[in-house]
1. Within the stretch 90-117, which residues are in contact with an Asp or Glu (Cβ under 9 Å, 6 or more places away or on another chain), at pLDDT 95 or above and among the small types (Gly, Ala, Ser)?
2. Quick one: residue 20 ticks every box in (1) open to solvent by 60 Å² or more (accessible area, probe 1.4 Å); (2) out of contact with any Lys or Arg (no Cβ under 9 Å at 6 or more places or on another chain); (3) over 26 Å from residue 108 (Cβ atoms) except a single one, so which number is it?
3. From the residues in the stretch 39-82 that are touching a helix residue (DSSP H, G or I) at 6+ places or on another chain (Cβ under 7 Å) and open to solvent by 30 Å² or more (accessible area, probe 1.4 Å), which one is farthest from residue 13 (Cα to Cα)?
Amino acid sequence: MKVGIVGLGLIGQLALRLATAMGYQAYGFDIDGRRVEHARANGGAIQVVNSSASDPVAAVADMTGGVGLDGVVICASTKSDTVVNQAFGMCRRRGRVSIVGDIGLKLERARMYAKEL
């Protein structure tokens, strides 16, 4: 099972380590370079991506051969709804998006419904 962790602060770092310990193929995403490097060095993730330097949706498509992730756990804190709508793009058909953090929720329902998320 492939799972993405978006937001690599304290909760995201813990989620990344837990996912790895549970045997998931974990992928980390954050806009802060320090958090990305910390996760890369200590998290056990398959891949960690700096979302401010590259498109996370395109990165997931490259990493999974276009299939997408089975699930995304959002541990970010932002008023923007971009994070959740990007998570929809990162998921495979019938994937799951779980929100742990505090984010904007202007959901692009067409994207959700198209993939049955």
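The values are calculated or read from the model by the stated rules, or taken from the named source; none is laboratory data. Quantities reported herein were computed from a predicted structural model and do not represent experimental measurements. Positions of Cβ are backbone-derived with ideal geometry, glycine not excepted, and every protein chain shown enters the neighbour counts. Heads up: the accessible areas ignore ligands, DNA and RNA and are worked out on the full protein's heavy atoms, side chains in. Shrake-Rupley method; radii C 1.70, N 1.55, O 1.52, S 1.80 Å.
1. 95
2. Single failed check for residue 20: (1).
3. Across the stretch 39-82, the extreme among qualifying residues is 57.
Residue-by-condition table, conditions (1) basic (Lys, Arg); (2) touching a strand residue (DSSP E or B) at 6+ places or on another chain (Cβ under 8 Å); (3) under 14 Å from residue 6 (Cβ atoms):
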residue	(1), (2), (3)
67	no, yes, no
81	no, no, yes
97	no, yes, yes
117	no, yes, no
